[in-house]
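The values are calculated or read from the model by the stated rules, or taken from the named source; none is laboratory data. All figures in this text were calculated on a predicted structure; none of them were measured in a lab. Note that we place each Cβ from the backbone using ideal geometry, even for glycine, and neighbour counts take in every protein chain shown. Keep in mind that these areas ignore ligands, DNA and RNA; they rest on the heavy atoms of the full protein, side chains included. Shrake-Rupley method; radii C 1.70, N 1.55, O 1.52, S 1.80 Å.
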Amino acid sequence: AAVVPTAGGQLWIFGREFTFPNGEQFCHYKDLWVLHLASGGPSGRSGHRMVACKRQLIVFGGFHESARDYIYYNDVYAFNLDSFTWSKLAPSGIGPTPRSGCQMATNPEGSIIIYGGYSKQRIKKDVDKGTLHTDMFLLKVEGAGKEEDKWAWSRLNPSGVKPTPRSGFSVAVGPNNRSLLFGGVHDEEEEESIEGDFFNDIYFYDLRKNRWFPGQLKGPKSEKRKRRRGRQAEAEGAGDEEMEKQSPQGPVEIVKEVVAEDGTVMTIKQVISGPTEEKERSESEEEEDGALGQQVEPCPRSNAMLAVKHGVLYVYGGMFEVGDRQFTLSDLYSIDLHKMEEWKVLVEMDPEAQEWLEESESDEEEDDKEGAEGGEEEEESSEEESEDEGEEEPHPSVQLDESHADYLSRTEQYWIKLARSNMGPEAKEKKVVKVALAMAKTFYEDSV
């Protein structure tokens with residue numbers, strides 16, 4: 001390695017070797033690296049966003065937090081991929097307020113779109129207020145072709161159905177000039193607690209038309225009906241009913257969409273033994289069965305990892321909360337964005353791989369420093385005792401050849417009671433039921 005004073009200081013490194021774990025093989029390198037000690041780039045931060053725009057990397061926003069204070073940013077930096085140099089941009093116009101975790105994407109014209117994000121500000125000592133941003137901005141180059149690009153901010157007012165307010169959502173660029181948003185969480189903050197509503201929906205933003213719209217599953221069966229109507233347009237209505245009567249007596253998939261109070265669109269797939277059975281059911285029975293049906297979609301989560309390849313969206317991991325517990329997920333799902341028919345489970349979540357971590361000693365030390373009164377250890381021990389009691393009483397077993405719907409119908413009250421005991425008496429009933437269904441589904445799939 002060598003250090004030279006060029007451009008404020010550079011550290012150059014060449015070659016050296018790597019030893020394989022068996023100690024018997026070596027690899028000698030011939031690559032050359034340079035570290036710019038005075039880069040002129042952004043300050044250290046988290047929660048920022050970065051996109052590639054022409055021959056530059058554009059970085060926006062983020063936050064820096066220390067033990068005593070925090071700060072949110074709305075500055076913009078560009079890294080030139082040809083000269084390997086940073087420059088701070090000074091766009092004209094009124095841009096976004098400081099924030100982190102926003103959506104950032106480039107449109108076909110080479111401009112940058114920024115949506116949403118999260119920030120917090122201190123109201124009084126030890127009291128912070130969080131803000132979920134739902135505004136949208138365009139950052140574009142004015143007077144391109146000059147020696148130095150001039151950037152400008154402008155505010156956007158997109159049409160369509162916008163995402164409900166949230167943070168922790170994940171972003172990817174999909175086909176047909178569309179950026180997509182998946183999942184996230186909406187925190188309901190009170191004075192001493194935060195309760196989050198998690199999402200697993202998809203929203204698309206059309207970069208050309210400046211329009212939002214929700215991604216809804218069409219389902220394989222509904223797609224077949226469309227093709228059938230196309231071939232026999234004159235037989236709409238009664239003709240479709242006649243064809244359904246003549247269809248083979250096999251399993252039928254019913255895809256339902258349930259819109260929750262918070263705007264979440266849940267798509268549920270249910271398998272019925274035959275078409276005749278489907279027709280004999282009343283609407284109330286169908287709604288009940290739909291609520292109990294197996295969900296073919298990722299569970300609600302925030303901060304998942306997204307990737308799009310050949311029009312297929314892959315969703316990996318993330319996290320969600322149940323009461324005071326955090327779940328870190330390791331499952332993998334995919335969905336064809338062109339067809340939007342159904343989610344596919346590529347890697348299932350393994351509940352046995354979850355390792356529950358107790359509060360660290362550093363947390364206890366901080367409580368001691370702040371002079372907090374005792375009682376946490378007693379609460380932890382009581383939680384452990386309740387967990388031990390739960391282990392003594394096994395979950396209701398799955399009977400031979402029992403379907404998921406039948407099992408859930410038989411054991412629903414048990415799972416609701418278990419979910420309520422974990423989430424506490426103040427948890428919302430609707431959220432308790434959602435968690436109970438997820439727990440029962442996981443246990444059922446592990447038992448079959």
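Determine the alpha carbon to alpha carbon distance for each of K339/K428; K54/K209; K344/K431 and list only those over 30 Å. Pairs exceeding 30 Å: K339/K428. Ordered by solvent-accessible area of protein heavy atoms (1.4 Å probe), largest first, the residues M439, M340, M305 come out as M305, M439, M340. Averaged over its residues, region 294-335 has an accessible area of 47 Å² per residue, based on protein heavy atoms and a 1.4 Å probe. Annotated for region 58-186: lysine pairs at least 8 residues apart or interchain, Cα distance under 29 Å, count 10.
Within the accessible area of region 404-446, what % is carbon and sulfur when the probe is 1.4 Å and the other protein chains stay in place? Reported share for carbon and sulfur atoms: 55 percent. When +1 charges are put on Lys and Arg Cβ atoms and -1 charges on Asp and Glu Cβ atoms, the dipole computed for region 404-446 relative to its Cα centre reaches about 200 debye. One way to sum up the overall shape of region 82-215 is the equivalent ellipsoid from its Cα gyration tensor, whose semi-axes run 29, 21, 12 Å, largest first. Inter-label distance, K125 to E426: 2.4 nm, where each label sits 7 Å from its Cα along the C-beta direction.
Database remark: amide H of L89 closer than 5 angstrom to the amide H of V76, Y77, A78 (H placed geometrically; neighbours at sequence offset of 5 or more, or on other chains; Pro and chain starts carry no H). Percent of Cα pairs in region 404-446 per distance bin of 10 Å, from zero to the largest separation: 32, 54, 14.
If the segment from L32 to R55 were pulled out straight at 0.36 nm per residue, it would be longer than the present Cα-Cα gap by 6.0 nm. Once the 1.4 Å probe is applied to the protein heavy atoms, region 1-120 comes out at 61 Å² accessible per residue. Per residue, the convex hull spanned by the Cα atoms of region 1-84 measures out at 186 cubic angstrom.
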